[in-house]
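In what follows, a single structure is set out as structure tokens and then discussed.
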Amino acid sequence: MASQPPAALRLLPVRAENAAVAFAGKSILRGIDLEITKNTRTVIMGSNGAGKSTLLRLLHGLLLPTAGRVVNAVGEPVATQVLRQHDAMLFQRPVMLRASALDNVLYAAKHQVRGITMPPPHVSALNALQSVGLAELANRPARVLSGGEQQRVAFARALVRDPEILYLDEPTASLDPQSARQIETLISTAAGRGVTIVMTTHNLAQAKRLASQIILLNDGAIAEITPATQFFIQPRSAAGRAFVEGES
Amino acid sequence: MNPFFAALAGAVDLITHADQKLVDIISLSLKVSATAVVIASVLGLAIGAIVSVTRFTGRGMVIAALNATMGLPPVVIGLVVYLLLSRAGPLGHYGLLFTPPAMVIAQVILITPIIAALSRQILEDAWREYQDQFASLGIKNASAAATLIWDCRFSLVTIALAGLGRACAEVGAVMIVGGNIDGVTRTMTTAIALETTKGDLPLALSLGIVLVAIVLAINIVAQWLKSFAERRYG
């Protein structure tokens with residue numbers, strides 16, 4: 001998991017430098033300065049409309065900044081096809097092709113630039129499904145699986161890309177508690193294997209369980225970036241204190 | 001006997017005895033329409049896929065034009081193709097006028113916009129759903145479009161079948177460019193029009209019954225495909 005790409009292609013650390021995003025003249029994010037470093041578990045929090053998902057998409061390269069920049073270790077913009085090969089994203093609602101669970105994972109594996117030490121796509125896909133506990137459902141049509149199982153297939157689809165960074169946009173928001181815990185376990189396992197985690201969540205308890213650092217967004221700007229152990233006890237910002245008090 | 005029931009009895013007799021003239025007309029109709037649908041599907045799906053996954057200046061106009069051309073009057077298409085293929089026309093030297101290929105060309109022009117416009121809608125809905133996932137996987141638009149077409153294959157086959165139904169039932173364009181020549185370009189619809197004016201009602205009605213049966217069968221297959229896909233793939 002998370003085998004090292006060549007230095008020139010390495011993503012981490014990902015840096016946002018005074019990045020901003022605006023849609024139709026409306027500012028969504030502004031003045032974003034942050035760094036995602038290796039082996040961290042960053043949870044982005046904030047109220048509805050604070051810009052959490054937009055920040056995640058910006059860091060993943062799905063959005064281009066309207067000002068500033070988001071770059072990799074050697075200063076290249078992250079929104080390039082080549083760099084995209086080294087990260088993966090899990091969306092709130094998993095999107096499944098009308099194919100088996102295995103074929104959904106295989107699809108991602110086949111579109112991955114594969115190093116010579118990597119197993120063939122079919123083997124990688126089966127291994128990824130096994131790692132999320134769905135090997136026995138490999139041939140089941142993905143769209144008829146439960147929401148939790150579909151999210152695990154999506155997780156396998158992300159893992160099969162052997163990502164340096166895994167972005168997760170409220171991955172458990174639409175799941176029952178048991179499925180949510182399964183996804184949390186998968187996140188912890190991936191982090192334990194060296195995958196850097198960046199995720200959004202509304203769930204404060206989940207953030208406490210998973211995060212090593214918290215980025216709190218307030219109205220499109222970063223209110224604070226704080227180690228998780230400190231954030232939940234003594235937030236640095238007034239917005240942080242209001243958020244923790246309001247949510248706990 | 002009532003003329004309608006007399007014609008109906010004659011029609012049933014022609015169908016049950018597989019009258020050779022009837023079979024020839026049906027066979028030519030199906031060959032022309034099936035060929036047109038295959039060509040129109042390739043063109044229409046390509047147009048639909050390109051418009052659904054790309055963003056370019058004037059895209060809204062292209063979509064409006066595609067939707068508008070779904071309603072092109074067949075006789076106008078027939079007239080335009082006639083002028084293009086007639087001896088003095090720009091394509092006259094190919095000698096295609098009053099041949100089955102001319103009818104195929106007219107039907108392709110008739111149903112390509114239908115397939116393009118309807119597939120564009122289906123593929124664009126799917127594109128909205130898949131776009132972020134494709135981008136996240138670093139998949140380029142051409143590859144994404146191919147995946148979308150395969151993923152939406154059952155809905156797209158239904159559209160192609162609708163195109164086949166439209167082509168089979170069309171009369172104006174094939175009459176003008178085919179000339180309704182017996183044994184050469186006479187299709188079910190043009191034969192129905194001719195035989196009715198000649199008073200050969202049993203043949204006209206038998207062709208009508210077969211035509212309705214074909215259109216009905218196409219719709220049944222389309223409906224079955226849709227429910228099969230929903231049951232099988234969700």
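Among the residues examined, residue A:197 qualifies as within 22 Å of residue A:72 (Cα to Cα) and in contact with a Leu (Cβ under 6 Å, 6 or more places away or on another chain).
Pairing residues of region B:129-146 that are facing another protein chain (nearest Cβ under 7 Å) and at positive phi with residues that are among the basic types (Lys, Arg) and part of a helix (DSSP H, G or I), at Cβ distances under 9 Å and at least 6 apart in sequence or on separate chains, gives B:138/A:84.
Residue-wise test of (1) modelled with pLDDT of 95 or more; (2) within 27 Å of residue A:44 (Cβ to Cβ); (3) surrounded by fewer than 20 Cβ atoms within 10 Å (Cβ to Cβ); (4) within 8 Å of another protein chain (Cβ to nearest Cβ).
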| position | (1), (2), (3), (4) |
| --- | --- |
| A:76 | no, yes, yes, no |
| A:84 | no, yes, no, yes |
| A:88 | no, yes, no, yes |
| A:93 | no, yes, yes, no |
| A:104 | yes, yes, no, no |
| A:114 | no, no, yes, no |
| A:117 | no, no, yes, no |
| A:149 | yes, yes, no, no |
| A:152 | yes, yes, no, no |
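Of all the residues in region A:11-52, those that are in a loop (DSSP other than H, G, I, E, B), open to solvent by less than 80 Å² (accessible area, probe 1.4 Å) and within 25 Å of residue A:191 (Cβ to Cβ) number 8. For region A:138-154, what are the residues that are of a type outside the set (Val, Ile, Thr) and out of contact with any Ser or Thr (no Cβ under 9 Å at 6 or more places or on another chain)? Of everything in region A:138-154, those that are of a type outside the set (Val, Ile, Thr) and out of contact with any Ser or Thr (no Cβ under 9 Å at 6 or more places or on another chain) turn out to be A:143, A:145, A:150, A:154. Of B:145, B:160, B:135, all but one fail to be of a type outside the set (Asp, Glu), within 25 Å of residue B:101 (Cβ to Cβ) and modelled with pLDDT under 95; the exception is B:160.
Of all residues in region A:119-133 being more than 21 Å from the chain's Cα centre (by Cα) and in a loop (DSSP other than H, G, I, E, B), which is modelled with the highest pLDDT? Taking the candidates together, the pick is A:120. For region B:218-234, how many residues are farther than 17 Å from residue B:159 by Cβ and assigned to a helix (DSSP H, G or I)? Looking only at that region, the number is 3. If you check A:128, A:88 for being without any contact (Cβ under 8 Å) to a residue 40 or more places away in the chain, among the small types (Gly, Ala, Ser) and either within 20 Å of residue B:130 (Cα to Cα) or out of contact with any His (no Cβ under 9 Å at 6 or more places or on another chain) (or both), only one passes: A:128. Taking the numbered list (1) touching a Gly at 6+ places or on another chain (Cβ under 6 Å); (2) more than 30 Å from residue A:138 (Cβ to Cβ) in turn, residue A:179 passes all entries but (2). Considering each residue of region A:33-44 in turn, none proves to be within 18 Å of residue A:163 (Cβ to Cβ), within 14 Å of another protein chain (Cβ to nearest Cβ) and modelled with pLDDT under 95. Screening B:191, B:162, B:167 for residues that are buried (at least 22 other Cβ atoms within 10 Å of the Cβ), small (Gly, Ala, Ser), within 15 Å of the chain's Cα centre (by Cα) and not in a loop (DSSP other than H, G, I, E, B) leaves exactly one candidate, B:167.
Being within 12 Å of another protein chain (Cβ to nearest Cβ) and either closer than 30 Å to residue B:6 by Cα or open to solvent by 20 Å² or more (accessible area, probe 1.4 Å) (or both) is a description that does not apply to residue B:206. The criterion of at least 3 residues that are open to solvent by 10 Å² or more (accessible area, probe 1.4 Å) is met by the following strands (runs of 3 or more DSSP E) wholly inside region A:161-248: A:221-227. Total residues in region A:155-186 satisfying the condition of being within 16 Å of residue A:201 (Cβ to Cβ) and touching a residue at least 60 places away in the same chain (Cβ under 8 Å): the figure is 9.
If the condition is being closer than 17 Å to residue B:43 by Cα, under 22 Å from the mean Cα position of the chain (by Cα) and open to solvent by 20 Å² or more (accessible area, probe 1.4 Å), then region B:135-159 contributes B:149, B:150, B:153, B:155, B:157, B:158. Exactly one residue out of B:184, B:221 is under 18 Å from residue B:38 (Cβ atoms) and surrounded by fewer than 16 Cβ atoms within 10 Å (Cβ to Cβ), and it is B:221.
Across region B:198-234, the number of residues qualifying as farther than 27 Å from residue B:16 by Cα and among the hydroxyl-bearing types (Ser, Thr, Tyr) comes to 2. When region A:58-74 is filtered for residues that are within 14 Å of chain B (Cβ to nearest Cβ) and not in a loop (DSSP other than H, G, I, E, B), the ones remaining, listed by number, are A:58, A:59, A:60.
With respect to the conditions (1) within 10 Å of another protein chain (Cβ to nearest Cβ); (2) at pLDDT 95 or above, residue A:161 lacks only one, and its number is (2).
The values are calculated or read from the model by the stated rules, or taken from the named source; none is laboratory data. All figures in this text were calculated on a predicted structure; none of them were measured in a lab. Positions of Cβ are generated from backbone atoms using ideal geometry, with glycine treated the same way; all protein chains shown enter the neighbour counts. Just the protein is used for accessible areas: all its heavy atoms, side chains included, with ligands, DNA and RNA removed. Shrake-Rupley method; radii C 1.70, N 1.55, O 1.52, S 1.80 Å.
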